[in-house]
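Written below as structure tokens is the structure these notes are about.
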Amino acid sequence: MTVDADHEAGGLALAMPLVALAGWVDALGVVQWHGLYASFMSGNSTALGAAPTVGDWHAAWDAGRAVLVFVAGAVAGELIGPAARAWRGPAILAAEAACLWLAVAAEHAGWGLPAVAGATGLAMGLQTAAVHKVGGTGIALTYVTGTLVSLGRGIAAALRGTAPWRRALPFAGCWLSLVAGAAAGGLVARTAPGGALGIAAGIATAAAVLTSAGVAGRRRALAS
């Protein structure tokens with residue numbers, strides 16, 4: 001495997017579980033949070049615009065707050081990343097995991113949906129800064145509309161013979177990851193509603209630990 005291919009595979013190996021995690025937590029929005037999403041800001045923005053037309057100001061307020069919290073998380077992630085330098089990924093993922101554990105605590109303490117969904121949305125905003133590109137191509141970690149557009153472009157390029165088919169595979173993989181994550185999260189949210197957020201927090205924690213180990217390993221290899 002070439003250095004470029006190895007770098008792309010490593011980025012994709014992190015991106016796909018994180019996209020699945022976004023699908024997992026958004027499934028909570030469908031199953032438990034009355035259509036309020038933690039990472040799908042297109043849906044929340046649509047609700048923000050449409051809800052007042054039917055007089056549902058409460059839904060508009062919830063959606064607007066979700067958008068603001070998500071943006072705050074994205075800003076925080078972009079500030080944490082450069083400050084952490086080589087430890088960018090682990091630092092961002094650790095902050096994401098901390099927010100998800102806060103959401104778990106808020107859920108068990110009965111602090112209400114605004115606190116639970118707010119902490120989760122902050123975590124998803126942070127996640128957007130964890131991986132920007134895979135193989136030199138921009139990739140999103142919390143939504144797949146752009147990913148599907150990129151998949152279509154990749155397929156078209158392959159049909160024209162101007163790019164290999166493998167260039168389209170990461171986008172197909174990320175879409176499938178989000179769908180699989182949403183299916184699993186929705187199932188857990190229905191059958192064990194009290195554990196769905198805890199599993200999400202555990203996944204983010206594992207990602208932070210594994211990426212930390214990867215950075216430490218690369219630094220040892222460079223030092224030797």
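The values are calculated or read from the model by the stated rules, or taken from the named source; none is laboratory data. Bear in mind that the values here come from a model prediction, so they are computed numbers and not experimental data. Glycine also receives a Cβ, built like all others from the backbone with ideal geometry; neighbour counts cover every protein chain displayed. In case anyone asks, the SASA skips ligands and DNA or RNA and just uses the protein heavy atoms, side chains included. Shrake-Rupley method; radii C 1.70, N 1.55, O 1.52, S 1.80 Å.
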On the accessible surface of the stretch 9-76, probed at 1.4 Å, how many percent belong to carbon and sulfur atoms?
74
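What does the accessible area per residue of the stretch 181-224 come to in Å², with a 1.4 Å probe and no ligands, DNA or RNA counted? Could you put the intermediate results ahead of the total?
Numbers: 2370 Å² over 44 residues.
I get 54 Å² per residue for this part.
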For semi-axes √(5λ) of the Cα gyration tensor in Å, pick the label among (i) 26, 23, 15; (ii) 30, 22, 15; (iii) 55, 22, 13 that corresponds to the value derived from the coordinates.
(ii)
Computing the accessible area with a 1.4 Å probe over protein heavy atoms, can you report the carbon and sulfur percentage for the stretch 89-170?
66
Hey, any idea what % of the stretch 178-224's accessible area is carbon plus sulfur with a 1.4 Å probe?
71
Residue with peak Gaussian network fluctuation, the chain [Cα springs, cutoff 10 Å], from THR53, THR128, THR120:
THR53
Subtracting the Cα-Cα distance of HIS58 and ARG219 from 0.36 nm times their residue separation yields 52.9 nm
Expected sort for 12-18, 156-162, 34-40 on mean C-beta neighbours within 10 Å, highest first, is 34-40, 12-18, 156-162
Kindly report the accessible area of the stretch 28-123 per residue (heavy atoms of protein chains, probe 1.4 Å, no ligands, DNA or RNA), in Å².
48
For the stretch 32-42, in residue order, the Karplus 3J(HN,Hα) values (coefficients 6.51, -1.76, 1.60; θ = phi - 60°; whole Hz; Gly and Pro = x) are 10, 10, 6, x, 8, 9, 8, 10, 8, 6, 5
